Amino acid sequence: METYKIPQNFLWGGDISAAQIDGAWDEDGKSPIELDYYMGANKNSGRYAYIEDERGNSKKVLQWSGQIPSGTHYVLKEGELYPNHFGSDFYHHYKDDIKLLHEMGFKALNLTMSWARIMPKGKEYGPNKKGVEYYRSLLLELKKYHIEPIVTLYKYDMPAFYVTQMGGWSNRQLIDEYEEFCHICMTEFKDLVKYWITFNEINVFFLVNKNNPNTTPQDTQRVFEETHDQLVASSRVVQMGHEINPDFKIGCMVAGALSYPLTPKPEDARAAQKNIQDNFYYFSDVIVRGKYPYFAKRIWHENHVDLNISDEDKRNLQKGTADFLAFSYYMSNCAEADASDIAKNAGNLINGISNPYLKTSEWGWQIDPQGLQYFLEELASRYNNFPLLIVENGLGAEDTLTSDGKIHDDYRIDYLRQHIAYLEKAINDGVNLFGYTMWSCIDLVSMGTGELRKRYGLIYVDIDDQGNGTFKRYKKDSFYCYKKVIATNGKDLS
C-alpha cells in the first residue's frame, strides 16, 4: 500500500539571513546593526563588542549580554576584524547565487529583509529608497526562477541606534517602529511575497537569559517584558498584513526545544515536560492560540516576574494569531530533576544534558534525526494539525576545498538524508508540514561564534574567518544530493 504523502507543492528550499550573509554593512544607506560591532570568536569563546561612554571610556560587552548601560554606545576598534561586515557578500552576488539555487531546484527561499537597510534611521525619516530597490530586484530575481520567497521580517538586524538611544525592546515605542517597517515591506512587496514570518526565534531572549550564569532578577524581568512586546508586535503585524493583502500567510518562528527525560524516573519526566513548556510552548501557544498557556503563571512565579498585560495587549494577541507556526530544529537534549553534576552539551541557544545514545557535531551539538519526527508529531497533536514549517535544520562543520574545486561533505549529506527521512515519516502519519528550508543553503557567518569556518551551506564560499578569499562559489557534494531530493519530491534520499 502506498503511504507516500508529501504534497507536490511542498516548499523545498533553504534559509539565509541578511545579517549573516549580505556583507555591504554600510553601503547604500544601510545603518549599522548590533552584529556589525561584534568581533569574531570561536566555539570556545563568546563574541564581544566595545562600548564607550560620554567620557570616551571603553569596555567589552559579550554578545547577548542584554541592554548596554545608558549613556554608552557601540564603537569600532581599528585593526579588529568584524566578520558581519563582509559576510558572504550576497549583496553583490545575489543574482548568481539565486541562479545556483534554481539549478538545485529550489521551490522556496527563506530570506530576511534587513530593517536597517529598509528603514535605517527609523520611522521619522521613512524608508531608504536604495534598500527598497534592492529587495525588489532580489524578489523579482526569485520570481524569474519560480522560487517562492518566505520573508522573515526580524532576525537580529534592527538599526543599532534603537538599542543605544531607545533601550531596545524594553521601550514600547519600538512596537510602533517595527510595525511601520513591516508596513513598508508588506505594501511595497504585496504582489511579490505571500509568506511572511514576523520574528525569528522569538524565544531567544528567554533562552539566552536562562543560560546566563550572571543574570540578575532585573535582567529576567526585562527579558519577559521584551519578549511580551515582541509577541504583541507580531500579533499587530499579522492583523495589519491581512488587511494589506488577505492572501498573505503570516507566521512566527520559535527556536526548537525538544527534551527527553534522562531516566524513567517520574521526576526526570516532569523536568523534560517543564523544559518544553518553558522553552517552547510558552511562546508557541501565544502565536497559535492567541493567549498565554495555563502554566505561564508557574513560569512567572518561578522567575519572580510580574508581567503587566493590558486588555489591549490581550485583544491584539487574540486577534493576531498566526496562519502557520515556523520553527528550527537542530538537536535535542535530556532533562534530569537534579542535574548539578551532569555534563551539559552545547546547542542552538538551548543547552541541556547530553544524551549517551546520540552522536555530536564538531561544535558539540547532538544529532537526533528521529527527534524531528517526534517533535513534529507533538506539535501536530498539540495544535490540532496546525500548518507547520521547518525553517532551520542543518549541520555546521569545517569543509575542505580540494585542489580540483570539490567539497566532499558526506557528513552533511548523511545529516540531511536522515532528517528528511524522518520528516517524511511524520508527513506519512498525517502531519500538516508544508515546507522545509534547511539552514543554510549558502555558507555564511555563524551567529554565535562569528566564524566562517563553521559552514552550513550546500554552496561553498571561498572566504575565511579573517576575510581572506575570492568569494567564489563552489558546489558541494550535498548540492547535488539535495538537488536529487527536490527533483524526486523526497523519494530519492540516496
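Please note which helices (runs of 4 or more DSSP H) are completely contained in region 255-341 and include at least 1 residues that are of a type in the set (F, W, Y). So that I can check it myself, show each step before the final result.
On the way: elements: 266-276, 282-289, 296-302, 311-319.
Answer list for region 255-341: 282-289, 296-302.
Residues that are of a type in the set (A, V, I, L, M, F, W, C), over 24 Å from the mean Cα position of the chain (by Cα) and either surrounded by 13 or more Cβ atoms within 10 Å (Cβ to Cβ) or closer than 30 Å to Y422 by Cα (or both): does region 309-326 have at least one?
If we filter region 309-326 for residues that are of a type in the set (A, V, I, L, M, F, W, C), which is where we start, we get 309, 317, 322, 324-326.
Restricting the remaining residues to those that are over 24 Å from the mean Cα position of the chain (by Cα) gives 309.
With either surrounded by 13 or more Cβ atoms within 10 Å (Cβ to Cβ) or closer than 30 Å to Y422 by Cα (or both) added as a condition, the list becomes 309.
Yes.
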Residue in region 28-78 that is nearest to L207 (Cα to Cα), counting only those that are touching a Lys or Arg at 6+ places or on another chain (Cβ under 9 Å) and of a type in the set (D, E, K, R): K43
Looking only at region 63-110, and only at residues there that are assigned to a helix (DSSP H, G or I) and of a type in the set (D, E), the one that is surrounded by the fewest Cβ atoms within 10 Å (Cβ to Cβ): D96
Condition check for I147: at pLDDT 95 or above and touching a His at 6+ places or on another chain (Cβ under 7 Å): yes
Filtered residues of region 1-47 (kept if over 18 Å from G394 (Cβ atoms), part of a strand (DSSP E or B) and under 20 Å from the mean Cα position of the chain (by Cα)): I33, N42
Residue, surrounded by the fewest Cβ atoms within 10 Å (Cβ to Cβ), within region 457-466, restricted to residues that are of a type outside the set (V, I, T) and closer than 11 Å to S88 by Cβ: D462
L174 vs. criteria touching a Leu at 6+ places or on another chain (Cβ under 6 Å) and farther than 15 Å from P149 by Cα: no
Test result for Y135, surrounded by 21 or more Cβ atoms within 10 Å (Cβ to Cβ), of a type in the set (F, W, Y), on the phi < 0 side of the Ramachandran plot and outside any helix (DSSP H, G or I): no
Residue list for region 199-214, restricted to those being in contact (Cβ under 8 Å) with a residue 60 or more places away in the chain, buried (at least 17 other Cβ atoms within 10 Å of the Cβ) and not in a helix (DSSP H, G or I): N200, E201, I202, N203
Restricting region 389-443 to residues that are part of a loop (DSSP other than H, G, I, E, B), surrounded by fewer than 17 Cβ atoms within 10 Å (Cβ to Cβ) and among the small types (G, A, S), the residue that is nearest to the chain's Cα centre (by Cα): G430
Criterion: touching a helix residue (DSSP H, G or I) at 6+ places or on another chain (Cβ under 7 Å), modelled with pLDDT of 95 or more and among the acidic types (D, E) - qualifying residue of E312, E336, E377: E377
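The values are calculated or read from the model by the stated rules, or taken from the named source; none is laboratory data. The structure presented is a predicted model; accordingly, all values stated were derived computationally and were not measured. Here the Cβ is made from the backbone with ideal geometry for all residues, glycine too, and neighbour counts use every protein chain on show.
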